[in-house]
Amino acid sequence: RKEVEQDPGPFNVPEGATVAFNCTYSNSASQSFFWYRQDCRKEPKLLMSVYSSGNEDGRFTAQLNRASQYISLLIRDSKLSDSATYLCVVTNTGGFKTIFGAGTRLFVKA
Amino acid sequence: EAQVTQNPRYLITVTGKKLTVTCSQNMNHEYMSWYRQDPGLGLRQIYYSMNVEVTDKGDVPEGYKVSRKEKRNFPLILESPSPNQTSLYFCASTPGGKSSTDTQYFGPGTRLTVL
């Protein structure tokens, strides 16, 4: 079983739709959690950190459930420019090791 | 401009010919890391470094070496490349000594093909 698992998609949604991505992690000692965005084989870029209290940045909301070892990302009012791969990221081993999920591909269509 | 640079960006080589991929950051970051990305597997951590002269293995260190003699540079060395090391490689850095507390800034990637 992979340490961080994501639905690979692809998710195909129309502009304006709300889309939710899920991620589960297996190591209960994981310290920190992030969502990164990656455009077509370019370098990943941080989208947002994820906290148990929830984290919102404009149209994006991230949530962490430590009890269920589950992380989510909600995108509201999808834009064409949101088309990308979304990577769930977890850090372990005192915060030094980084584990990436395989990513969820999103296509937003006009 | 604050950035992480990698060289070369593209490399085609043959089995067994030693190569080095350089990574340099100009942000005075303490933590640096190397990843490889393969279809369906996502990014996997090869090695990381918490500071100068301090390195440790990630999840897929076999066939790779690293060194951290200066804070800004973290080269990835393939002593005897094999075709299964054909991949897209990313270097990243963070300000603190860990990847858990800060944004990781990634280089543009190095696409390596080993024939």
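What follows draws every value from the coordinates through simple rules; no lab data is involved. Since this is a predicted model, take the numbers as computed values, not measurements. Cβ sites come from the backbone with ideal geometry, for glycine too, and all protein chains shown count toward neighbours.
Legend note: in chain A, cysteines whose Cβ sits 4.7 Å or more from every other cysteine Cβ are A:Cys40.
Karplus-derived 3J(HN,Hα) values for the stretch A:71-85, using 6.51 cos²θ - 1.76 cosθ + 1.60 with θ = phi - 60°, are 10, 10, 9, 10, 10, 9, 6, 3, 10, 4, 6, 7, 4, 4, 9 Hz; glycine and proline are entered as x.
Among B:Arg36, A:Arg37, A:Arg66, sorting on how many other beta-carbon atoms sit within 10 Å of each Cβ, with the fewest leading, yields A:Arg66, A:Arg37, B:Arg36. With the cut-off at under 14 Å, measuring from each backbone N in the stretch B:69-85 to a point 7 Å along the Cα-to-Cβ line of B:Thr15 picks out B:80-85.
Between the stretch B:47-92 and the stretch A:55-69, the C-alpha centres lie 32 angstrom from each other. Residues in the stretch B:32-47 carry Karplus couplings, in order, of 9, 8, 10, 10, 10, 10, 10, x, x, 10, x, 7, 10, 7, 9, 9 Hz; the curve used is 6.51 cos²θ - 1.76 cosθ + 1.60 with θ = phi - 60°, and Gly or Pro positions show x. Working note: Karplus 6.51/-1.76/1.60 with θ = phi - 60° gives the stretch A:49-57 the couplings 7, 10, 10, 4, 7, x, 9, 10, 9 Hz, where Gly and Pro are set to x. Legend: mean number of C-beta atoms from other chains within 10 angstrom of residue C-beta atoms, peptide A:100-107, equals 3.
Within a straight-line Cα-Cα reach of under 16 Å, B:Lys69 can be paired with the following aspartates and glutamates, leaving aside sequence neighbours fewer than 8 residues apart in one chain: B:Glu30, B:Glu53, B:Asp56.
Each Lys or Arg adds one and each Asp or Glu takes one away; over the other residues whose Cβ falls under 10 Å from the Cβ of A:Ser78, this sums to +1. Modelled spin labels at B:Ser82 and B:Asn26, positioned 7 Å past Cα toward Cβ, are 3.9 nm from each other.
Give, as a single signed number, the net charge of other residues whose beta carbon lies under 11 Å from the beta carbon of A:Arg59, with Lys and Arg counted +1 and Asp and Glu -1. The partial results should precede the final answer.
Values: positive: A:Arg76, A:Lys79; negative: A:Glu56, A:Asp57, A:Asp77, A:Asp82.
My count for the surroundings of A:Arg59 gives -2.
For A:Lys79 and B:Thr103, the FRET efficiency from 1/(1 + (r/R0)^6), where r spans their Cβ atoms and R0 equals 25 Å, is about 0.65. When chain B is treated as a GNM with alpha-carbon contacts under 10 Å, the residue of B:Pro83, B:Pro61, B:Pro75 showing the greatest mean-square fluctuation is B:Pro83. A cut-off under 11 angstrom between Cβ atoms defines the neighbours of B:Gly109, and their net charge, with Lys, Arg +1 and Asp, Glu -1, is +4.
Can you give the percent of C-alpha pairs in the protein assembly as shown whose distance is more than 31 Å? Looking at the protein assembly as shown, the distances longer than 31 Å represent 21 percent of pairs. Counting Cβ atoms of other protein chains within 10 Å of each Cβ in A:27-36 and taking the mean gives 2.
Largest GNM mean-square fluctuation across B:Val54, B:Val21, B:Val66, computed for chain B with C-alpha springs under 10 Å, falls on B:Val54.
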